[in-house]
1. Looking only at the range 1-19, count how many residues are in a helix (DSSP H, G or I) and either open to solvent by 80 Å² or more (accessible area, probe 1.4 Å) or without any contact (Cβ under 8 Å) to a residue 24 or more places away in the chain (or both).
2. Only residues that are open to solvent by 50 Å² or more (accessible area, probe 1.4 Å) and assigned to a strand (DSSP E or B): list them for the range 20-41, please.
3. Give the residues of the range 99-121 that are modelled with pLDDT under 90 and within 15 Å of Pro55 (Cβ to Cβ), sorted by residue number.
4. Taking the residues in the range 43-64 that are in contact with a His (Cβ under 9 Å, 6 or more places away or on another chain) and under 22 Å from Trp103 (Cα atoms) as candidates, determine which candidate is surrounded by the fewest Cβ atoms within 10 Å (Cβ to Cβ).
5. Of the conditions (1) farther than 19 Å from Ala13 by Cα; (2) within 17 Å of the chain's Cα centre (by Cα); (3) open to solvent by 30 Å² or more (accessible area, probe 1.4 Å); (4) not hydrophobic (A, V, I, L, M, F, W, C), Gln129 satisfies every one except a single condition; which number is it?
6. Filter the range 23-36 for residues that are touching a strand residue (DSSP E or B) at 6+ places or on another chain (Cβ under 9 Å) and more than 19 Å from Phe70 (Cβ to Cβ) and give the result.
7. For the condition open to solvent by less than 20 Å² (accessible area, probe 1.4 Å) and either more than 24 Å from Leu158 (Cα to Cα) or out of contact with any Asp or Glu (no Cβ under 6 Å at 6 or more places or on another chain) (or both), what is the one hit in Phe93, Phe70?
8. Name the pairs whose Cβ atoms lie under 9 Å apart, with the first residue in the range 79-93 and basic (Lys, Arg), the second part of a strand (DSSP E or B) and open to solvent by less than 50 Å² (accessible area, probe 1.4 Å), and 6 or more positions between them or separate chains?
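The values are calculated or read from the model by the stated rules, or taken from the named source; none is laboratory data. Worth saying up front: this structure is predicted, and the values here are computed from it rather than measured. Methodologically, a virtual Cβ is constructed for each residue, glycine included, from the backbone with ideal geometry; neighbour enumeration extends over all protein chains shown. Ligands, DNA and RNA are excluded from the accessible area calculation, which covers all protein heavy atoms including side chains. Shrake-Rupley method; radii C 1.70, N 1.55, O 1.52, S 1.80 Å.
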Amino acid sequence: MTGTDPGMPRSEALARTLRGSRTFRELAPMESGIGWPVPIPVIQDGEPRVYARLPLFVLRPDPAGGADLFPPFATATLDWSTARLVEYTDLRFKEPHRSREEWSHPVGHFPHSAVAGLSTAGYRALRTQLFDLYDELFSELSHGRQFSGDGAAEFRGLLGRLLEPCLLPHYRRLAPKFLQQYLPDHHVPDEG
């Protein structure tokens, strides 16, 4: 990952690498946001390997402040060890049974209530802290180990606070095992 800040968490650098990629520039609308990574651990040739799947969604600025959030329209998956893009999936094509209308209406707003009172600096500090914990998670998975202990508990708490509640049902669709493991008790009112 060339051209990234050496103090930046690796998982945050992955998102920046994706944003600067030709694929992203050609396929994603200019106002696209990149969601929180979802780890995809696999065993390849007998060795543990991990990929980072990043949901892409439209983030439309609201003149009154903040931004309207739309459901993820695509995912991009990068190899954790090399930052190489290995898959781009347009969900509108992959899931043709879903109505095209679903992607044309906002599902929520940023900032959401759990972060609305934070200053920009405060939000960025929590965001960097969560990306640091993502790095620990990805590192453990890349060595074939589970992420546990105080780091995992802190990760759950920060992910639960920073993940936009309106996107939670979409993350559940994209990564049910990950959400069950790290946010099993979180739900939004319309999830029941």
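1. Summing the residues that are in a helix (DSSP H, G or I) and either open to solvent by 80 Å² or more (accessible area, probe 1.4 Å) or without any contact (Cβ under 8 Å) to a residue 24 or more places away in the chain (or both) in the range 1-19 gives 2.
2. Passing the criteria: only Pro41.
3. Glu102, Trp103
4. Filtering the range 43-64 for residues that are in contact with a His (Cβ under 9 Å, 6 or more places away or on another chain) and under 22 Å from Trp103 (Cα atoms), the one surrounded by the fewest Cβ atoms within 10 Å (Cβ to Cβ) comes out as Asp62.
5. (1)
6. Of everything in the range 23-36, just one residue is touching a strand residue (DSSP E or B) at 6+ places or on another chain (Cβ under 9 Å) and more than 19 Å from Phe70 (Cβ to Cβ), namely Thr23.
7. Only one candidate qualifies: Phe70.
8. Sorted first by the residue in the range 79-93, then by its partner, the pairs are Arg84/Leu78; Arg92/Phe73; Arg92/Ala74.
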